[in-house]
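S.K.: Handing you a structure now.
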Amino acid sequence: MFQAARTATLALDSALLGDSLETVFAPQQLIADVERVSGFAGPSLQRLLHVPALREGNPKREALSKMPELALAWRRLACGEVGLGSWLPQHDSDWAAYSDFVSFVVYASALVELHDEPALRRLQHLLGLAALRLKLDPLIHREPDLAVRLGLSIETPGYLVALEIAAACQLRVASVRNAISRREMIADPNHGVPIDAALDWMVQRRGFLYPVINAIAPGRRINGRLANQWLSQDPRVEQLRRVTRLRMMQWRVLGSGRCFGVNEQGLHHCLLTLPAEDPEGLSDAGMEALEDRSEDSAVVLYRQSFVSVSAVGERAVEMPIYQGVVPTMRALESLIDYLAAACDSDTSTEQRVASGGASLGTLTPLPGRPGVERQADPDECEGC
């Protein structure tokens with residue numbers, strides 16, 4: 001129905017930040033917003049298109065009737081419920097429909113009757129957040145025309161301003177500006193914070209909507225929460241159990257039988273713990289800040305947790321307990337390859353993908369995101 005707005009810029013609304021997206025973009029609220037905006041934009045479009053009346057069966061009326069459905073489709077992308085690859089349309093007609101919704105909102109934004117209308121501001125914010133999601137994705141870095149085809153433009157590619165970082169992490173803009181002033185992120189005065197630096201900071205925030213970006217960008221920082229979710233889809237390992245007292249999820253490498261634990265809900269680091277006699281090999285595989293924790297007060301708990309599940313069995317009681325940081329997904333890949341090397345040194349990422357195993361490009365959204373059918377984590381404070 002509508003011509004795609006090839007250079008449309010949809011603004012993020014700072015007044016809507018800090019609130020739960022499940023509330024701001026509640027499906028029934030979005031549908032009501034579209035219906036209200038349509039009430040103003042529909043008659044105007046009808047006059048512009050020289051249509052006497054949008055009767056039943058008229059294709060232009062059918063296009064307008066699809067706007068609520070399209071709003072919900074854009075919501076899934078903006079809220080981080082789906083990966084970009086699975087969200088992108090497969091057919092030309094679907095691409096046109098997605099860009100129709102962008103054009104619908106852009107056109108409505110020009111109507112004086114809708115100025116300062118909350119319904120329109122929510123729809124603008126929805127598409128502003130979706131544009132931010134596209135901006136972060138490596139696929140859009142490689143193929144920027146995909147965003148244009150959807151009717152959106154990417155402003156200052158490669159950099160994020162404080163408003164965008166706040167929106168991605170569900171924070172107030174002031175919180176992000178304070179972090180920049182503390183030099184937690186180094187900003188270019190003319191452009192903003194480089195995306196790579198912003199991603200490394202954002203993944204440490206509990207409200208970050210798109211941690212999957214850090215998983216599909218192998219050089220970006222990860223944390224324990226993201227690592228555990230990725231490992232649950234890796235065919236080289238099996239999940240053993242949750243050790244509540246140590247806040248650790250235990251895993252076993254298939255074939256070699258080596259076991260390790262990852263901090264279950266860690267936000268700032270991926271902290272990996274295991275009984276080991278090969279610290280140099282672990283360091284070479286990518287672990288950083290590796291320490292022998294055999295003298296720690298909690299070492300008995302760690303050893304007991306590994307005795308019944310480790311391939312070395314009772315030897316785990318005597319083996320040193322090492323703990324270190326796995327900084328990136330690339331390092332985690334390398335480490336799992338190293339731990340599996342005893343029995344399967346020829347396994348490669350390409351072979352795993354070909355056999356139907358998990359890959360970095362198919363990581364599903366994290367629990368706790370809107371619409372993901374997993375138990376959500378309890379809310380915690382911004383600075384946790």
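S.K.: Could you check the stretch 7-43 and list, in sequence order, the residues that are surrounded by 14 or more Cβ atoms within 10 Å (Cβ to Cβ), modelled with pLDDT under 90, outside any helix (DSSP H, G or I) and on the phi < 0 side of the Ramachandran plot?
M.R.: 8, 9, 10
S.K.: If you don't mind, there's one more thing I want to ask. Select from the stretch 70-98 the residues that are farther than 14 Å from residue 134 by Cα, of a type in the set (Gly, Ala, Ser) and modelled with pLDDT under 95 and list them in ascending order.
M.R.: Result: 93, 96, 97.
S.K.: Do you know which residues across the stretch 163-179 are crowded, with 20+ Cβ neighbours inside 10 Å and either in a loop (DSSP other than H, G, I, E, B) or assigned by TED's automatic domain parsing to the domain that holds residue 130 (or both)?
M.R.: 171
S.K.: Has the stretch 151-161 got any residue that is assigned to a helix (DSSP H, G or I), surrounded by 15 or more Cβ atoms within 10 Å (Cβ to Cβ), touching a Ser or Thr at 6+ places or on another chain (Cβ under 8 Å) and not charged (D, E, K, R)?
M.R.: Checking the stretch 151-161: not a single residue is assigned to a helix (DSSP H, G or I), surrounded by 15 or more Cβ atoms within 10 Å (Cβ to Cβ), touching a Ser or Thr at 6+ places or on another chain (Cβ under 8 Å) and not charged (D, E, K, R).
S.K.: Something else about it: Look at the stretch 82-96 and say how many of its residues are crowded, with 17+ Cβ neighbours inside 10 Å, more than 15 Å from residue 140 (Cβ to Cβ) and not hydrophobic (A, V, I, L, M, F, W, C).
M.R.: Qualifying residue count for the region: 0.
S.K.: With modelled with pLDDT of 95 or more and either of a type in the set (Lys, Arg) or surrounded by fewer than 14 Cβ atoms within 10 Å (Cβ to Cβ) (or both) as the only criterion, which of 289, 298 stands out?
M.R.: Just a single option satisfies the conditions, and that option is 289.
S.K.: Is there a residue in the stretch 261-273 that is touching a Pro at 6+ places or on another chain (Cβ under 9 Å) and crowded, with 19+ Cβ neighbours inside 10 Å?
M.R.: yes
S.K.: Counting just the residues of the stretch 137-150 that are in contact (Cβ under 8 Å) with a residue 12 or more places away in the chain and in a loop (DSSP other than H, G, I, E, B), which one comes out surrounded by the most Cβ atoms within 10 Å (Cβ to Cβ)?
M.R.: Applying the filter and picking the extreme gives 150.
S.K.: While we're looking at this one, here's another question. Mind checking which residues of the stretch 180-201 are assigned to a helix (DSSP H, G or I) and either touching a helix residue (DSSP H, G or I) at 6+ places or on another chain (Cβ under 9 Å) or in the same structural domain as residue 131 (by TED's automatic domain parsing) (or both)?
M.R.: Across the stretch 180-201, the qualifying residues are 180, 195, 198, 199, 200, 201.
S.K.: Tell me whether the stretch 202-209 contains one or more residues that are crowded, with 19+ Cβ neighbours inside 10 Å, at negative phi, not assigned by TED's automatic domain parsing to the domain that holds residue 257 and not in a loop (DSSP other than H, G, I, E, B).
M.R.: The answer is yes, given that some residue of the stretch 202-209 is crowded, with 19+ Cβ neighbours inside 10 Å, at negative phi, not assigned by TED's automatic domain parsing to the domain that holds residue 257 and not in a loop (DSSP other than H, G, I, E, B).
S.K.: Sticking with this structure for a sec: Collect the residues in the stretch 283-297 that are in a loop (DSSP other than H, G, I, E, B) and out of contact with any Leu (no Cβ under 6 Å at 6 or more places or on another chain), keeping them in residue-number order.
M.R.: Residues satisfying the conditions are 287, 293, 294, 295, 296, 297.
S.K.: What is the residue count in the stretch 235-260 for residues that are under 18 Å from residue 330 (Cα atoms) and surrounded by fewer than 23 Cβ atoms within 10 Å (Cβ to Cβ)?
M.R.: Going through the stretch 235-260 one residue at a time, the tally reaches 3.
S.K.: Just checking, which of 86, 99, 93 is hydroxyl-bearing (Ser, Thr, Tyr), free of Cβ contacts under 8 Å to residues at least 60 places away in the same chain and over 27 Å from residue 208 (Cβ atoms)?
M.R.: 93
The values are calculated or read from the model by the stated rules, or taken from the named source; none is laboratory data. Given the structure is predicted, the values throughout are model-derived calculations rather than measurements. Ideal geometry is used to build each Cβ from the backbone, glycine not excepted, and the neighbour counts take in all protein chains shown.
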